[in-house]
Each structure stands twice: as structure tokens, then as C-alpha cells.
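Asks: Below: one structure in C-alpha cells.
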Amino acid sequence: FVKQDYEMLSNHFDVKKVNYRTPRDIFKIARTIFNSDLTYSWFASGHSFIAVLISKILNKRSIVVAGGYDVAYVPEINYGQYTHGKDKRMYADYVLKNADIILAVSKFTEGEVLARAKPRMVEVVYNGINTDKFVPGTEKENLVMTVASGTKNVIKLKGIDAFAKAAEHISGTRFLVLGLSDRDREILRAKYPLPNLKLCGYMSQTDLIKCYQKAKVYCQLSYRESFGVALAEAMACGCVPVVTERAALPEVAGNTGIYVPYDDEEAIAKGIKDALSLDNGRIARERVKSHFSRKNREVELARAVRMISK
């Protein structure tokens with residue numbers, strides 16, 4: 001996320017990168033902000049607290065992107081920054097209240113921001129997908145896939161148990177999970193020793209795109225998603241989406257796929273079967289191109305910077 005926004009903003013402005021790793025970096029951050037017009041940070045957390053605080057002291061403007069986890073409170077699955085200590089909540093609260101503008105990655109995330117604070121200004125700017133790189137392949141296969149990257153209770157968060165159980169119901173179709181940690185793969189292999197279920201770890205973007213291009217159906221069976229970048233990437237590659245009707249997923253999938261209940265293996269299996277019979281891949285890609293392209297995000301980011309720089 002950060003790298004992509006840096007590249008896009010650099011097309012319009014002189015952008016300097018500065019990282020926060022240790023308290024000593026505060027002096028470097030302050031010096032950089034002193035010589036800048038505004039700060040741009042991803043996620044309302046400790047690092048952006050420092051950027052926004054110093055910006056206020058130096059009478060500079062600040063933009064912070066609310067990415068999802070930073071404003072989430074989902075205690076039933078122990079997910080979200082607001083489920084943690086008082087200090088983390090304090091940092092996020094300060095950022096949300098004092099940044100000149102909060103850019104939420106979805107309408108759902110905008111709602112979570114407003115539930116936590118009263119920002120000076122909040123706008124929705126969707127994540128951007130490079131639709132020149134994420135493109136359909138030559139031919140789809142009888143393959144259903146999902147991506148479960150992350151470290152925070154991924155199996156529960158991404159609905160991987162239900163995905164694996166659906167594979168039991170559709171034995172003639174291949175199922176693929178990407179992005180799992182070694183530990184999560186061991187847990188799932190022990191629970192679901194299925195010949196049609198393949199569990200993989202991290203994959204390069206090139207190999208990931210090849211998988212998207214082969215898959216007929218992409219599942220995002222999550223308990224919660226602030227946007228769903230993997231879903232949008234898969235749709236850009238012509239996959240038919242099967243998603244839970246939760247959080248921001250309906251904003252991304254629209255009317256291009258199948259909606260299923262969370263953790264309902266029979267309903268999910270039926271939804272996947274229905275999706276395998278659809279020819280909605282082209283429609284799914286067109287939705288990403290029109291709503292979530294990298295170009296759209298670049299235009300909106302440049303507009304936001306110019307707006308608060310006046």
C-alpha cells in the first residue's frame with residue numbers, strides 16, 4: 001500500500017520517504033516535516049501519531065489513510081487495534097481527531113472511523129488495482145482459490161475452515177489457499193487431509209497473478225474485510241467472486257458474483273457450484289477497472305493533497 005501510494009504521489013509532487021523504527025527517528029521525522037508542506041501516513045497508529053503531532057506543532061498539514069485494522073474493534077475474533085491496549089487506542093484517537101483529512105479505503109471503513117472519532121474531514125478513496133498487470137489469462141481451469149495472508153487469527157478471519165469444508169462437498173474441483181504461515185498450514189493439513197485441497201505459503205506477485213488467471217472462482221469468505229485487495233485483484237484477472245455479505249466486500253464485488261453466509265459450509269459449497277457455472281469474469285474485471293483502478297486512486301490522492309494544501 002505504502003509503496004504504491006508513494007509512486008503515485010511522486011508523479012505529482014516532490015515526495016520524501018521517512019520511516020519510524022526507533023525513538024531516535026523522531027528527530028529525522030521532525031526535520032523532514034519542517035522542510036515539507038504536509039505529511040502523508042498509512043494507518044492511524046503510533047508512527048502516524050508522531051507525524052500528525054509534529055505537523056500540528058510546525059503548523060503543517062497532515063493526511064492519514066485509515067486502512068482497516070487500525071480502526072477495527074472486533075473482540076469476538078480478537079481483531080483490530082481497538083481490541084488492544086489503551087496506548088494504541090490513544091494514538092489512533094489522536095490521529096483520527098487531529099489529521100487534516102482521513103482517507104478511508106471503503107465506505108465501511110469510513111463508518112468505523114466515524115464510530116471512533118469526529119475527524120476534521122473524512123473521505124473515501126478506494127484502494128487501487130493495477131489492471132494493466134492484473135489481467136485475465138488465456139483459459140480458466142476448474143480451480144477455486146482464496147488468499148489468506150496475515151498473522152492475526154487468519155483462519156478465523158478469512159473463513160478458511162469453511163473454504164476447506166466446501167472442498168469436501170465438491171471433491172471433483174481443485175481448491176487452493178495461498179499466503180498461509182507454516183503453522184496455519186500444519187493446522188489445516190491435520191484437519192483437512194483432502195486430495196483436492198492445496199495449502200500454500202507466500203507467493204511472489206508474478207506467481208500469484210498466474211494463479212488468479214487459472215482460477216475460475218475466487219472466494220473471500222471473511223468475517224471482516226476493510227476492502228479486500230486480493231478479491232479485487234482476482235476479479236481483475238477474470239475470477240467470479242464468492243463472498244460473504246460482510247463489511248466492505250459488497251462494495252467491491254457489487255453484483256458480479258455470489259453472496260454466502262459466513263462459516264456456512266453447505267451454503268458456501270452451493271455458492272461455489274453456482275459460481276463455477278457463471279461466465280461473469282469479464283463483468284467482474286470491468287467493475288474493478290471502473291471503480292478500483294490505480295488511476296482512479298492516483299487522481300483522488302492528488303486531489304486530496306491539493307485540496308488541503310490551499
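Asks: Which pairs in the list K214/K273; K56/K97; K133/K198; K107/K133; K107/K295; K3/K295 are over 22 Å apart, alpha-carbon to alpha-carbon?
Replies: The answer is K133/K198; K107/K133.
Asks: If you don't mind, another one. Check M203: other-chain or 5+ apart residues with amide H under 5 Å from its amide H, H built from backbone geometry?
Replies: G179
Asks: Rolling a 1.4 Å sphere over the protein heavy atoms, what is the accessible area per residue of the chain, to the nearest Å²?
Replies: I get 48 Å² per residue for this part.
Asks: Could you tell me how far the Cα centroid of segment 1-78 sits from the Cα centroid of segment 153-190, in Å?
Replies: Centre-to-centre (Cα) distance: 35 Å.
Asks: Any chance you could look up the accessible area of H169 with a 1.4 Å probe, heavy atoms only, rounded to 10 Å²?
Replies: Accessible surface of H169 is approximately 80 Å².
Asks: Right, something else. At 1.002 mPa s and 20 °C, plugging the Kirkwood radius over alpha-carbon pairs of segment 22-62 into Stokes-Einstein gives what diffusion coefficient in µm²/s?
Replies: Diffusion coefficient, whole number: 214 µm²/s.
Asks: In sequence order, what are the phi-derived ³J(HN,Hα) couplings for segment 184-200 according to the Karplus relation 6.51 cos²θ - 1.76 cosθ + 1.60 with θ = phi - 60°, rounded to whole Hz, with x for glycine and proline?
Replies: 3J(HN,Hα) across segment 184-200, in whole Hz: 5, 5, 4, 4, 6, 5, 5, 7, 10, x, 9, x, 9, 10, 10, 10, 10.
Asks: Given an 8 Å cut-off on Cα distances and at least 6 residues of separation, report the relative contact order of segment 16-64 as a percent.
Replies: 36
Asks: Can you compute log10 of I(q)/I(0) for segment 12-89 with the Debye formula, treating each Cα as one identical point scatterer, at q = 0.12, 0.21, 0.22 Å⁻¹?
Replies: Rounded to two decimals, the profile gives -0.38, -0.94, -0.99.
Asks: Moving on. Can you sort R224, R120, R303 by 1.4 Å-probe accessible area, starting with the largest?
Replies: R120, R303, R224
Asks: Moving on to the next point. Note the direction-averaged projected area, equal to a quarter of the hull surface, for the Cα convex hull of segment 179-310, in nm².
Replies: Computing the convex hull of the Cα atoms and averaging its projections yields 9.8 nm².
Asks: Hey, could you pull the Cα Rg and Dmax for the chain, both in Å?
Replies: For the chain, the Cα-based Rg and Dmax read 20.3, 63 Å.
Asks: Another question about this same structure. Please report the net charge: other residues with Cβ closer than 12 Å to the Cβ of H12, K and R +1, D and E -1.
Replies: Counting the neighbours of H12, the net charge comes to -3.
Asks: Here's a follow-up. Mind giving me the nanometre distance, one decimal, between the label points for E123 and N142, set 7 Å out from Cα along Cα→Cβ?
Replies: So the label points at E123 and N142 sit 4.9 nm apart.
Asks: Could you work out the helix-only [θ] at 222 nm for the chain, with each DSSP H run of four or more residues adding -39,500 (n - 2.57) and the total divided by the number of residues, to the nearest 500 deg cm²/dmol?
Replies: -13500 deg cm²/dmol
Asks: For the chain, give the percent of accessible area contributed by carbon and sulfur heavy atoms, probe 1.4 Å, rounded to a whole number.
Replies: Result for the chain: 50 percent of the exposed heavy-atom area is carbon or sulfur.
Asks: OK, next. Could you work out how far helix 265-276 tilts from the main Cα principal axis of the chain, as a 0 to 90 degree angle to the nearest 10?
Replies: So the helix axis and the longest Cα principal axis differ by about 90 degrees.
Asks: Sequence gap at least 6, Cα distance under 8 Å: using those rules, report the relative contact order of segment 196-310 to the nearest whole percent.
Replies: Dividing the mean separation by the residue count of segment 196-310 yields 23 percent.
Asks: Percent of alpha carbon pairs in segment 4-137 separated by more than 17 Å?
Replies: When all Cα pairs of segment 4-137 are counted, 61 percent exceed 17 Å.
Asks: Would you pull out the residues with amide H under 5 Å of W42's amide H, same chain only if 5 or more places away, H placed 1.01 Å from N?
Replies: Distant-sequence amide H within range of W42: V65.
Asks: Just to confirm the number: angle between the C-alpha axis of helix 160-169 and the first principal axis of the chain, 0 to 90 degrees, nearest 10?
Replies: Tilt relative to the chain: about 20 degrees.
Asks: Normalised by the number of residues in segment 1-140, what is the relative contact order in percent for Cα pairs under 8 Å and 6+ residues apart?
Replies: Computed over segment 1-140, the figure is 17 percent.
Asks: What angle do you read, to the nearest 10 degrees and between 0 and 90, between the alpha-carbon axis of helix 25-34 and the longest principal axis of the chain?
Replies: 70
The values are calculated or read from the model by the stated rules, or taken from the named source; none is laboratory data. Here the structure is a predicted model, which is why all the values come from computation and not from measurement. Heads up, the Cβs are rebuilt from the backbone with ideal geometry, glycines too, and the neighbour counts pull from every protein chain shown. The protein model used for the area step is the full one, side chains on, heavy atoms only, and it has no ligands, DNA or RNA in it. Shrake-Rupley method; radii C 1.70, N 1.55, O 1.52, S 1.80 Å.
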